[in-house]
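Reviewing the structure listed below.
Rule-based calculations on the coordinates, nothing more; no lab input. Not measured: the values here are computed from a predicted model. We place every Cβ from the backbone using ideal geometry, glycine too, and count neighbours over all the protein chains shown.
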Amino acid sequence: MKQSGKCPKCGSTRLIERAHVLDYTLSGRQNLKVAVEKNPESWNPEVLTGELAAWICVQCGFTEMYCVDLLDEAASDAPSP
């Protein structure tokens, strides 16, 4: 959906792009994040974080989430599934 500009479920092009995915904590609201450890075997691994954003289809409500600002280097160091 992010790259095609079209909903994979219904085919609509009416999308809301980069909607914030929020987490509510005792200190207020903040954007939800993901974390990737570089060198997880290390005793003190570096942790890279990235915020999640949602692409939402206005027609059917289908939603996809993407990590929009995680550093590129995390992809090369991330463990394989």
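List of remarks:
- Estimated at 0.36 nm per residue, the fully extended path between Lys38 and Asp69 surpasses their Cα-Cα distance by 9.6 nm.
- The stretch 15-77, relative contact order [Cα under 8 Å, separation at least 6], %: 32
- FRET efficiency, Lys2 to Leu26 (Cβ-Cβ, R0 41 Å, nearest 0.05): 0.80
- Model label sites at Ala19 and Glu46, defined 7 Å from Cα along the beta-carbon direction, differ in position by 3.5 nm.
- 5 Å-binned pair-distance histogram of the chain (Cα, whole percent): 3, 14, 18, 16, 16, 15, 11, 4, 2, 1
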